[in-house]
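This report refers to the structure that appears directly beneath it.
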Amino acid sequence: MAITEDAPPGTDAHRAGPPPDRAGRRLSSPLVLVLTLLLAVLAQSPIRGALGSPAMQSWMTVFVAVTVQALPFLVLGVLLSAAIAVFVPASFFARALPRRPALAVPVAGLAGAVLPGCECASVPVAGALVRRGVTPAAALAFLLSAPAINPVVLTATAVAFPGHPEMVLGRFLASLLVACAMGWLWQRLGRTDWLRPPARGAHEGATKGEAFWGSVRHDIMHAGGFLVLGATAAATLKAAVPADWLSAAAGVPLVSVLALAVLAVVLSICSEADAFVAASLTQFSPTAKLVFLVVGPMIDLKLFAMQAGTFGRGFALRFAPATFALAITGAVLTGAVLL
């Protein structure tokens, strides 16, 4: 019979640690990092050759150019939107808007021109407006206009398209037109049971400083990630997709408009950075680029998720397709007149 040692008092002999062979096979994070660096060193010649290829050099040039140009505007927009969301009380907007919904919609839309904020911040701000009694039509007009026509976004658009002020004017007019049209459409056809009352704000109950830095950290992480994704997509389109393919798509007006509209939805780029991505798509017409700039800040994948979480899935399933169709129509009509 095997003789076992008595376990110390208060311990369970059946709760022994893992066998030594299993413990030895576990991979820790430092070990994974060391193995990764070792593989990189062993494969440095193929890696250096791949990075030195003309296609990869073109990819890195476009990626760095888009990211470096857009990053200052992204940070500035996040700081300003966090300051407004935290330090400007929502009751101020309720007092400032006209009582008649038909007049409140264009006023709320124009308010987006003087209140900087990316689309990540506009959804919770619109939710706070509805929660404090602002008519939903006006709150939705503000939700759509603020990310597209605020000073930071328009300045970034002017920098991305130097010598083409018509792109800035076209973005402003088309975005404001679509925002007001969607507000009036909701006022006319919207139903109260489609709009779920938004829940309590994520930072309510915290101090103003905590709410400010919490909002900044959240928006920087989310918007920065989408900026990298957008820059990656733009660089890949420039470097990997044959130029004749892009030229063929860009040469058909309807195809080019729909292609960039869908691309804006899929990429989900922050509005402070999307102008630099649009400017890099040189094969496409100015009207197609304008569609990209108008659609993106109003409806994309992350906005759909945020709108569904704030106002309910039933609202998002109705609001998103209507916004997408009106944004394309408004941008095309504006482009036909100005561009």
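A short reminder: the numbers here are calculations on the coordinates, not readings from a lab. Remember, predicted model here, so these are calculated numbers, not experimental data. A quick note on method: Cβ atoms are made from the backbone with ideal geometry, for glycine too, and the neighbour counts reach across all protein chains shown.
Listed values, structure above:
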item	result
Computed lengthening from residue 193 to residue 114, 0.36 nm per intervening residue step minus Cα-Cα distance	25.3 nm
For peptides 248-254, 99-105, 174-180, sequence by mean Cβ density within 10 Å, most packed first	174-180, 99-105, 248-254
Cα gyration tensor, segment 217-339 - rounded (a/c under 1.5), prolate or oblate	oblate
Among 233-239, 148-154, the order from most to least packed when residues are scored by Cβ within 10 Å on average	148-154, 233-239
